[in-house]
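The values are calculated or read from the model by the stated rules, or taken from the named source; none is laboratory data. Everything quoted here is computed from the prediction, not taken from an experiment. In this analysis, Cβ positions are derived from the backbone assuming ideal geometry, glycine residues included, and neighbour counts consider all displayed protein chains. Please note that ligands, DNA and RNA were not included when accessible areas were found on the heavy atoms of the full protein model with its side chains. Shrake-Rupley method; radii C 1.70, N 1.55, O 1.52, S 1.80 Å.
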Amino acid sequence: MPISNEKTTETFALQSRWKELTVEVNSYLEDCIDSLTESCPRILREAMRYSLLSPGKRLRPILCLLGAEALGACVSDAMANAAAVEMIHSYSLIHDDLPAMDDDDLRRGRPTCHIQFDEATAILAGDGLQALAFETILTKTSVPEVAVQSCLLLAKAAGPEGMVGGQCDDLLAEKLGEAEKQVRAVDMLHAIHARKTGAMIRASVVLGGLAARGTTAELEKLAIYGDCIGIAFQIVDDLLDVESTSENTGKRTGKDSERGKLTFPGIYGVQASRDRAEKLVEQAIATIDSFGSAATPLKQLARYITDRSH
Ligand code: GRG
C-alpha cells in the first residue's frame, strides 16, 4: 500500500475510535454531573457542566482508555480514571483563563467560564471539578488499591510539583527581565512544560495502565511514552499559536509572543521545533512496540500529535 494510503487508513481508524470513545466519555462525565445532589447549587452545577462538557478534544481521557487497552483491559475498567483526568484538565483551563492568569475570553470556541458566568463562579467551578475528580476515582473504582494508587498519581501530576508548579513558574517567567530570560531560557522552557502540560499527559496514560493493573515495567513504558508525547504536544501547541488562527483552534492565537512567554519556536525556531516533536513521537512509538497490536491505537495517537491542526 502506498504510504499516503496507509496514513489515510490509519488516520480514519483513529478518528472513528476517538469519536466512539468520546461519546462514552461524555456520557460518563454527564452522569457524574447529573449525580450531584441538591446540595450542589444550581449555578455551580451549570458552570461545571458548561466547561466540562464543552467540545474539547478529550485527549487525556482517550489516552487513559487506550493505555488500559494496550495492556489488555477493557475501557470500562479505566473510565473513572479517564473522567477524572478530564475533570482536572477542565478545572485547569477554567482557572488558566481567569483575569489573574491568562485573561482569556475564548475557549473551545465559546466564551470562557468567567465570561459566561462570573469570576467567583468560575473559580468555584474549577475547585468543584478538582474535588469531583478524586471523588469519582474513589467512589467508582472497585479495587481499593487501584483507587488509592490512581489518586496519588493524579494528585502528584496535578499538584504543586506537577501542573500547578509548572503554571506558577510559567507566570513567574513572564515577569523576568530580558537578560535573565536569555540566560535561563532553555532550562526554564523544559522545566515549565514538563510540569504544566507534560505531567498530566504522562499521568493520563499511566492511569490507564494502573486501571489495567499493569506491571512496574509496563507502567514505566507508558510513562516514557507519555513524557515523549507530552513534550511533542506542547511543541505543537506553541507552533499552532504562531501559525494557526482562532477560528481553527477555538482560542486566541499569537498571545504567547505578546505576553513574552517562553516557547519552543521562540527559542529553537519553527523548523527545529517541528523536527524535535517528530523525533519525540517516533521515540514514543518505539517505547511501546513490545505491547504488540493492542497498542496500535496508542501509536496512531502519537502520530496525530504532530499532525493535529487544533
Ligand atoms: C491554572 C492550575 C492551572 C493550570 C493551568 C493546562 C494549563 C495549566 C494551562 C492551559 C494553557 C495552555 C494553552 C497550555 C498548553 C497546552 C494545553 C494544556 C492546551 C489545552 O489542551 P487541549 O489542546 O485542550 O487538549 P482541549 O480544549 O482540546 O481539551
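Filtering region 185-209 to residues that are of a type in the set (S, T, N, Q) and under 13 Å from T263 (Cα atoms) leaves only T197.
Taking I43, is it at pLDDT 95 or above and in contact with a Ser or Thr (Cβ under 7 Å, 6 or more places away or on another chain)? Yes; evaluated as a whole, the condition is true for this residue. Among the residues of region 80-105, the ones that are assigned to a helix (DSSP H, G or I) and either of a type outside the set (A, V, I, L, M, F, W, C) or within 10 Å of the ligand (Cβ to nearest atom) (or both) come to 11 in all. Can you find even one residue in region 5-18 that is touching a Phe, Trp or Tyr at 6+ places or on another chain (Cβ under 9 Å), modelled with pLDDT of 95 or more and not β-branched (V, I, T)? Yes, region 5-18 contains a residue that is touching a Phe, Trp or Tyr at 6+ places or on another chain (Cβ under 9 Å), modelled with pLDDT of 95 or more and not β-branched (V, I, T).
Out of the residues in region 139-158 meeting the condition of being of a type in the set (A, V, I, L, M), away from the ligand (no atom under 16 Å from the Cβ) and within 15 Å of M79 (Cβ to Cβ), tell me which one is surrounded by the fewest Cβ atoms within 10 Å (Cβ to Cβ). Top of the filtered list is V143.
The set of residues in region 119-138 that are away from the ligand (no atom under 13 Å from the Cβ), in contact (Cβ under 8 Å) with a residue 12 or more places away in the chain and open to solvent by 60 Å² or more (accessible area, probe 1.4 Å) comprises E119, L124, L138.
Here the helices (runs of 4 or more DSSP H) wholly within region 183-250 that include at least 2 residues being without any contact (Cβ under 8 Å) to a residue 40 or more places away in the chain, within 15 Å of the ligand (Cβ to nearest atom) and open to solvent by 10 Å² or more (accessible area, probe 1.4 Å) are 216-243. Return the residue satisfying two criteria in turn: it lies in region 109-118 and is within 17 Å of E46 (Cα to Cα) and open to solvent by 40 Å² or more (accessible area, probe 1.4 Å), and of such residues it is nearest to the ligand (Cβ to nearest atom). Among those that are within 17 Å of E46 (Cα to Cα) and open to solvent by 40 Å² or more (accessible area, probe 1.4 Å), it is R110.
Checking each residue in region 35-53 for being open to solvent by less than 10 Å² (accessible area, probe 1.4 Å) and touching a Gly at 6+ places or on another chain (Cβ under 9 Å) picks out A47, M48.
Rundown of residues vs (1) of a type outside the set (A, V, I, L, M, F, W, C); (2) surrounded by 18 or more Cβ atoms within 10 Å (Cβ to Cβ); (3) not in a helix (DSSP H, G or I), yes/no style:
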| position | (1), (2), (3) |
| --- | --- |
| T8 | yes, no, no |
| T11 | yes, no, no |
| Q15 | yes, no, no |
| L21 | no, yes, no |
| Y28 | yes, yes, no |
| I33 | no, yes, no |
| K57 | yes, no, yes |
| I62 | no, yes, no |
| L66 | no, yes, no |
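Restricting attention to region 286-309, the residues that are over 17 Å from F12 (Cα atoms) and either buried (at least 18 other Cβ atoms within 10 Å of the Cβ) or touching a residue at least 40 places away in the same chain (Cβ under 8 Å) (or both) add up to 5.
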